[in-house]
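The values are calculated or read from the model by the stated rules, or taken from the named source; none is laboratory data. These figures come from a predicted structure and were not determined experimentally. Virtual Cβ from ideal backbone geometry, glycine too; neighbours counted across all protein chains shown.
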Amino acid sequence: MRTERCQVLIIGAGPGGYVCGIRAGQLGLDTIVVEGKAPGGTCLNVGCIPSKALIHAADEFHRLATPNKIGIATGAATLDMAQTQAWKDGIVARLTHGVSGLLKKAKSRLIVGRAQILDGKSAQVETPEGPVRIECENMVIASGSHPTQLSALPFGGKVISSTQALALSDVPKTLAVVGGGYIGLEIGTAMAKLGAQVTILEAADHILPQYDAALTKPVEARLRELGIDLHLNSMAKGLSAKGDLQVAASEEQIDIPADHILVAVGRVPTTQGFGLEGLALKMAGNYIAVDEKCQTSMRQVFAIGDVTGDPTLAHRAMAQGTVVAEHIAGQPTVWDKRAMPAVCFTDPEVVVVGKLPSDDVASAVFPLSASGRAMTMDRTDGFVRVVYDESSELVLGLQAVGAGASELAGEFSLAIEMCATLTDIAQTIHAHPTLGESVQEVSLMGLGQALHL
Ligand code: FAD
């Protein structure tokens, strides 16, 4: 068997692993990244990128097919789903190929094959050319996550995960979505815009249950406007003999016929089946416990990304990958982030950074109905909100819901990371007319100096 040696062995080439591999290579560390499927991981192959491509295609189609008051005639828009999928797959191929190229440029080696951990210093990889043993000084576990399966609705047949939903060759006539989190809402909304009759079930009393109801209300209103049948306080129970989805709703038991049932109820960290158990690492629930350098309970074994806990987002995985590479290279780096943006590419989009409103903090809300830019986009549903400490004016949280609001995530994060006060934002000139002006306006509101409301 061939044996390779390296300073850093990274298991998994998702956003966490490949970024760690690029940064480690840049820093001159002899690095091997092992990937069992395709470079780019969940995010590039079956997550962030294909879902956003599908959402874009659905938005374009829906816009063409929907009567408007702008004076643009709508017609019989047609959809060639095979071409849509080919376009989406082309983007995925370009990006995943790009990841391989970036690793090569950084002089990190990519080995394709599934890694089996032997101990904290070695792993074996089954490659098409035969088994390879890799011995390392540092090991980074970046094995990501996979969709949660419901025991009452196991994947198979008409019950599909987000991975299959993003690869459908036809728009289903009917689609039931179990789970009103961001993945279910994004795919459900896209399919509705492409013409499917969509039903969404959520066990909580509002969608996106980790956020407050004010933030999610505009999304809920739009789901209903798009003709999506939304059932709150509803639990999927299984399939009937006829193959309908059985649901325990708040007051009744209902059966929902559906061509496909998308189960999108969260993701499980991938920590089993590749020898990780043998390291007996300290866990935090289902996740691998890590410190502020992403070090696990075993020296020189690190973990990054979805295996380390919430929020399971690509940019968190990437930032952790950078921290680990720099730490191994001897740089004085720690995980000290104040801001972790989260964006739901729903319609309207939701962006959340920092603290949500609560009794111990002040907040101000600027409605997009007062934004000139929102009016010119013909989408005035939603708002921008700032959460701040009343005595110091320190900005603790920024949130928005609105069409195009995702692009505010950068400003929100920067403000919190740089410890901005309301005055800092209010005195920063924001270009007119942009949605960004609403961030300035909401800060002025907090100061009692609103100009446009
Ligand atoms: P992953 O991307 O899961 O990568 C882990 C990799 O490790 C995989 O490629 C896997 O094959 C490999 N691997 C596992 N075990 C082994 C082994 N033993 N040997 C070799 N290789 C192995 N996040 C966002 O920030 N924004 C979004 O808009 C967004 N949209 C999403 C939409 C969907 C539908 C889904 C499912 C997810 C979305 N996410 C989004 C989440 C995002 O994809 C994940 O947070 C991110 O991919 C996690 O990165 P990671 O590197 O930790 O793991």
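Considering (1) assigned to a loop (DSSP other than H, G, I, E, B); (2) farther than 22 Å from Glu220 by Cβ, the lone condition that Gln440 does not fulfil carries the number (1). Note on segment 37-90: residues that are over 16 Å from Ala165 (Cβ atoms), crowded, with 16+ Cβ neighbours inside 10 Å and touching a Phe, Trp or Tyr at 6+ places or on another chain (Cβ under 8 Å) total 4. Among residues that are in a helix (DSSP H, G or I) and either out of contact with any helix residue (DSSP H, G or I) (no Cβ under 6 Å at 6 or more places or on another chain) or within 15 Å of the ligand (Cβ to nearest atom) (or both), Gly278 is included. Filtered by the rule that a residue be within 29 Å of the chain's Cα centre (by Cα), part of a loop (DSSP other than H, G, I, E, B) and surrounded by 14 or more Cβ atoms within 10 Å (Cβ to Cβ), segment 403-432 gives Ala403, Gly404, Ala420, His430. Could you please let me know if Ala325 is out of contact with any Cys (no Cβ under 9 Å at 6 or more places or on another chain), touching a residue at least 12 places away in the same chain (Cβ under 8 Å) and not basic (Lys, Arg)? Here the answer is no, as Ala325 does not meet what is asked. Note on segment 346-360: residues that are of a type in the set (A, V, I, L, M) and under 7 Å from Val219 (Cβ atoms) amount to 1.
The requirement of being surrounded by fewer than 19 Cβ atoms within 10 Å (Cβ to Cβ) and in a loop (DSSP other than H, G, I, E, B) is not satisfied by Lys237. Restrict the check to segment 22-36 and report whether at least one residue is closer than 30 Å to Val198 by Cβ, modelled with pLDDT of 95 or more and either crowded, with 21+ Cβ neighbours inside 10 Å or of a type in the set (Gly, Ala, Ser) (or both). No, the conditions are met nowhere in segment 22-36.
All conditions but one from (1) over 30 Å from His62 (Cα atoms); (2) surrounded by 14 or more Cβ atoms within 10 Å (Cβ to Cβ) apply to Glu186; the one that does not is (1).
Of all the criteria given as (1) at positive phi; (2) surrounded by 18 or more Cβ atoms within 10 Å (Cβ to Cβ), the one not satisfied by Gly130 is (2).
Applying a threshold of 9 Å to beta carbon distances and a minimum spacing of six or more residues, or different chains, the list of pairs starting in segment 146-171 at a residue that is under 19 Å from Asn45 (Cβ atoms) and among the aromatic types (Phe, Trp, Tyr) and ending at one that is part of a loop (DSSP other than H, G, I, E, B) and within 12 Å of the ligand (Cβ to nearest atom) reads Phe155/Ser161.
The set of residues from segment 428-453 being β-branched (Val, Ile, Thr) and farther than 20 Å from Arg379 by Cα comprises Thr428, Ile429. Within segment 18-33, restricting attention to residues that are in contact (Cβ under 8 Å) with a residue 60 or more places away in the chain and farther than 21 Å from His315 by Cβ, the residue that is nearest to the ligand (Cβ to nearest atom) is Ile32. Could you list, in sequence order, all residues of segment 91-106 that are over 17 Å from Lys37 (Cα atoms) and either within 12 Å of the ligand (Cβ to nearest atom) or loosely packed, with under 14 Cβ neighbours inside 10 Å (or both)? Answer for segment 91-106, where residues must be over 17 Å from Lys37 (Cα atoms) and either within 12 Å of the ligand (Cβ to nearest atom) or loosely packed, with under 14 Cβ neighbours inside 10 Å (or both): Lys104, Lys105. Restricting attention to segment 269-285 and to residues that are out of contact with any Gly (no Cβ under 8 Å at 6 or more places or on another chain) and of a type in the set (A, V, I, L, M), the residue that is surrounded by the fewest Cβ atoms within 10 Å (Cβ to Cβ) turns out to be Ala280.
Listed here are the strands (runs of 3 or more DSSP E) enclosed by segment 125-227 that have at least 3 residues being within 12 Å of the ligand (Cβ to nearest atom): 130-141, 145-147.
A count restricted to segment 34-59 and to residues that are of a type outside the set (D, E, K, R) and more than 9 Å from the ligand (Cβ to nearest atom) stands at 6.
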